[in-house]
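Q: What follows is a structure written as structure tokens; I'll ask about it next.
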Amino acid sequence: MRGRHAVAWLAGWIGLVLTGALVIVRVDIAERRDAFQTDARIAHRLLSQRAVQQEAVLATLALLHPTAEGADRPEQRLPAVYPQVLAVLRRDAEQAWPEETLREAETRSRRSGHAELGAVDVVRGHYTVLQAGTPSSFALRIDVQRMVPWDEWPVQKHGPVRVALLQGGQTLTIQPGELPGEQPVGLSRRSEAPVQLGSAGGSSSGLLYTASQVFRSGLTPGFVFAKTLAAPGQPFELQLRRATGPVQWPWAWLFAWASATALALAGAASWLEARRARRRAEALLRVGQVARLNAMGELAAGMAHELNQPLAAVMAGAQAARRLLDDEPPELATARQAIAQVVVQGRRAADVVARLRRQVEAPEAAAPTRPVQLEAVVRQVLELLEPEAQRRGVRAALHGRAAPVRADPVALEQIVHNLVGNALQALDQVPQAERRLDISLGTHAGHGVLTVRDSGPGIADEALSHLFEPFYTTKRGGLGLGLSLCDTLAQAMNGRLSAHHTEPRGAEFRLVLPLAEEAA
């Protein structure tokens, strides 16, 4: 029993810990996701501002087209003002771009009317953006690392967040953001089954990534933000990704939760065990009290019944002897015979007392059981109580049949008489038209079952747990020994007696005794 209780408590603790841990982890992930999205939006805004600023510079150069020659040209001083600008390239009307990518970008720029992206150098982390103009076109070579305003950058520079700019299958990494032991995979799109990871909002819609584009760092796919920069000439997709998994879980809170639940359940288990021990002690005390009271009741009843006749004979013999001795002359011979009868009856009374004492000391030998027809006992009791039932206007209904049970006939009759008598008394408290008394007989699981159900006021909840205790009674003038004695007699016959409150009103007493075939 203790082992089963321990397993049940352990299983309950594990379930409670897992449920609480799930809530804690989900709340923590939600908080970190919200913080990640906020930082990602700030990063997108900062880089978009830099990109728009760079296009504005190009548009200004194309509009003003400075005419100075060589190193004195004003645009060559731009790298000193804008650290992300590595070089300013210029093509005048009589010149040609040295790179094919720049010529293609100029063609696109004249067609679109705004700056266009030129070459992207993934190895160096550079890219070129070009604005076509007349008579001169200008291009800026940008360093993505210097493009980031680190003093305002919301993402920890050497932290766990991976930041990159993607365009046309090429990736410019701003910060790798790899965790120790992590194996991130590339961000290039491939023809695999897509997985929807969500978007950062704004004008961009949700983006699809393949299953292989997920950080391999834990049980969850991680946080992903993807949105195109707000600069038409630099259509880079800014992507921020952060791995999340068991390494990032709030383990301190999880251990605290597990410890708190363990202490709470240990306290509850200790309290319940103490309560069970107290109830066992109270039950043992009650059994002992009932046994002693039952023995006392049996002793008193037996003495009153069996000593009545020998004591009456003693008194009669003593009175006869006195009369004989008072006669003149006294009839001594007859008086001696009367006194001898007094002695015989006195010894008989002593034998009765000795036998009753043995029954109290060995109660198991005082109640021999044998097969008894339960229905016959019930009908006999109903016949005895029929005048009382008629006086109260109650007609008892007997239902069902039961196989013979193994019981002490006298004890069984006493139990049935007590139960039916209590039911009749309870019916006095309701109107006569509502008085019902149903007695049912049946067989269940190798036992005979007797059920006595009335339509009286029923049993209060606070009285149910004390109903079979000695000296506990709800009747005015009652001693509280009837049901206690019935319970003791039922247990002595390997049976049990129980009481229940019925709906909508009334009480039900159930006596269960072993069948004679099962006991044989």
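The values are calculated or read from the model by the stated rules, or taken from the named source; none is laboratory data. All values reported here derive from a predicted model rather than from experimental measurement. Please note: Cβ atoms are built from the backbone with ideal geometry, for glycine as well, and neighbour counts cover all protein chains shown.
Q: Among the residues of segment 254-288, which ones are of a type outside the set (A, V, I, L, M, F, W, C) and farther than 25 Å from residue 483 by Cα?
A: 259, 261, 267, 270, 273, 275
Q: Please enumerate the residues belonging to segment 20-49 that are surrounded by fewer than 12 Cβ atoms within 10 Å (Cβ to Cβ), farther than 30 Å from residue 148 by Cβ and not basic (Lys, Arg).
A: 22, 23
Q: Determine whether residue 40 is touching a Lys or Arg at 6+ places or on another chain (Cβ under 9 Å) and among the aliphatic types (A, V, I, L, M).
A: Spelling it out, residue 40 is indeed touching a Lys or Arg at 6+ places or on another chain (Cβ under 9 Å) and among the aliphatic types (A, V, I, L, M).
A quick yes/no check of all residues on (1) over 28 Å from residue 228 (Cβ atoms); (2) surrounded by fewer than 16 Cβ atoms within 10 Å (Cβ to Cβ):
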residue	(1), (2)
74	yes, yes
90	yes, no
95	yes, yes
110	no, yes
117	no, no
124	no, yes
132	no, no
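Q: Has segment 284-306 got any residue that is modelled with pLDDT of 75 or more and either part of a helix (DSSP H, G or I) or in the same structural domain as residue 485 (by TED's automatic domain parsing) (or both)?
A: Yes, that holds for at least one residue.
Q: Conditions: (1) modelled with pLDDT of 90 or more; (2) closer than 15 Å to residue 141 by Cβ; (3) of a type outside the set (Asp, Glu). Residue 56 meets all but one. Number of the miss?
A: The single condition residue 56 does not satisfy is (2).
Q: When residue 375 is evaluated against the numbered criteria (1) in a loop (DSSP other than H, G, I, E, B); (2) among the acidic types (Asp, Glu); (3) at pLDDT 80 or above, which criterion, by number, is the only one it fails?
A: The one condition residue 375 does not meet is (1).
Q: For residue 278, all conditions in the list (1) outside any helix (DSSP H, G or I); (2) modelled with pLDDT of 85 or more; (3) of a type in the set (Lys, Arg) hold save one; what is the number of the exception?
A: Status for residue 278: all satisfied but (1).
Q: While we're looking at this one, here's another question. Does residue 7 fit the bill of being farther than 30 Å from residue 235 by Cα and loosely packed, with under 14 Cβ neighbours inside 10 Å?
A: Details: farther than 30 Å from residue 235 by Cα: yes; loosely packed, with under 14 Cβ neighbours inside 10 Å: yes.
Yes, satisfied.
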